[in-house]
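The values are calculated or read from the model by the stated rules, or taken from the named source; none is laboratory data. In this text the structure is predicted, and so the values were computed from the model without any measurement. Here the Cβ positions follow ideal geometry from the backbone for every residue, glycine too, while neighbour counts run over all protein chains shown.
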Amino acid sequence: MSRIFVSAAHKSSGKTTVSIGLCAALTKLGKHVQPFKKGPDYIDPMWLGAAAGNSCHNLDFYTMQHQEITETYHRYQDGIDISLIEGNKGLYDGLDLDGSNSNAALAKLLKAPVVLVIDARGMTRGIAPLILGYQAFDSDINIAGVILNQLGGSRHESKLRQVVEHYTDVPVIGAVHRNKDMIIDERHLGLMPSNEAQQAKKQIELLGQQISEQVDLATVINTAKSAPALTAPSAAQSVKPSTNTDLTIGIARDAAFGFYYPDDIQAFKDMGVTLVDIDLISDTSLPNIDGLFIGGGFPETQMALLEKNTTMRKAVKDAIDSGLPCYAECGGLMYLSRSITWGDTTCNMSGVINGDITLHEKPQGRGYIRIKTTDDCLWQTSHTNQNEICAHEFHYSSLNNLPADTIYAYDVLRGAGINGKHDGIVYKNMMACYAHLRNTQQSPWVEGFVKFVQQCKRT
């Protein structure tokens, strides 16, 4: 199982761009590449998956147990030539002081050689102590190579190569020159909607070409092959459904909504659920479904089109008013609200939730969260005794003007939620929250939702 861990000295070093380019370049060489992403991110995995032609899977200490991480890694190795794990932030960055959930900890858990992407703008001789320090900080980490990024030209590259080769034993396996065309506008291309798919494809091809020309791919492949043997977990303890169903659940997939974890989607299918894609922008009616799932996304970028589709907004509201089970996260919550205001523009939404969305310049909730189910939660979403769930949130919007008698599914123990204290609005058979849940051993929310939909269908 050849594998590398692509990390960086700090956030915004360009490792995601390099990782996407590596996936595209290796795939073009005929290699079957399996990407993974550390953390709860949606956008980077979408790009990595598109570049590799294989869905990218998240590995996250906060929401997953160690064995669950290794099981997930092993689950997607059939027919794979090389796995690429992209870190988040810097190599030694993480929540805890001891580094137990850092990128380095994940690299050690998976025994993966680390390729360090270094933003070398303005650096010459100073790059040597940086590399030496990263090597010395944790001797269990195998920094197998560096990719110099954002270089100013050939002279800059030559100086840096000389310094690294003279003072360290770490090989330079790539030197990527500064190129504004390699920058990804993740805010609006993150979802890769149909009307931007060709643009995303061209961007991936460009990144792959640039990386092919500026990174020694043969060394990358050999570095991945040098990874030591990784023993598969002896007893699989992955999330397994306890029942089979013949349910049909609609899932919003369009230019506004698309934040879904591949493992969560697979969990639905493992329970016998048929997922039917729904375009809330273009479709004029709901199909015959037993439940509805509206994930996250950027509805504010499509809010005029969402507002224009009055028949779908009414269909969604009427269905939920009539008791259709519905689960919505973040962008889905926004769509179910009364209106969205972004700058000087306000657009009407479906009006299921008696509240109004306002977009802000700065995040209103960001990072890992911890929530606890209340007695009003519609389905079981945690296997812990305390009914506590580890999840994450990332939203620039706030939900305002809610009535005082609003019912909530969650108490917020850490994070922002809807009002700093609560999250998960409950209305009839609908639950809508800012929290993004992951279907894990600790929080098998898919099973809980599916059982709830099945129960509603029977009554």
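Observations on the structure shown:
- Residue within region 407-415 that is of a type in the set (A, V, I, L, M) and within 26 Å of residue 265 (Cβ to Cβ) present: yes
- Taking residues in region 196-216 that are closer than 12 Å to residue 20 by Cβ, and partners anywhere that are of a type in the set (D, E, K, R), the pairs with Cβ atoms closer than 8 Å and at least 6 places apart or on different chains are 206/181; 208/28.
- Of the criteria (1) in a loop (DSSP other than H, G, I, E, B); (2) touching a residue at least 40 places away in the same chain (Cβ under 8 Å); (3) under 29 Å from residue 247 (Cβ atoms), which one residue 390 fails: (1)
- One residue alone among 351, 415, 365, 343 is at positive phi, of a type outside the set (Val, Ile, Thr) and crowded, with 20+ Cβ neighbours inside 10 Å, and that residue is 415.
- Scope region 430-459; condition under 19 Å from residue 407 (Cα atoms), touching a strand residue (DSSP E or B) at 6+ places or on another chain (Cβ under 7 Å) and not in a strand (DSSP E or B); matching residues: 434, 435, 449
- Check on residue 149, in contact (Cβ under 8 Å) with a residue 24 or more places away in the chain, surrounded by fewer than 20 Cβ atoms within 10 Å (Cβ to Cβ) and among the polar types (S, T, N, Q): no
- Those residues of region 32-85 which are among the aromatic types (Phe, Trp, Tyr) and outside any strand (DSSP E or B), in sequence order: 42, 47, 61, 62, 73, 76
- Filter result for residue 38 (among the basic types (Lys, Arg), in contact (Cβ under 8 Å) with a residue 24 or more places away in the chain and surrounded by fewer than 19 Cβ atoms within 10 Å (Cβ to Cβ)): no
- Test: residue in region 144-152 that is farther than 13 Å from residue 7 by Cβ, modelled with pLDDT under 95 and assigned to a strand (DSSP E or B): yes
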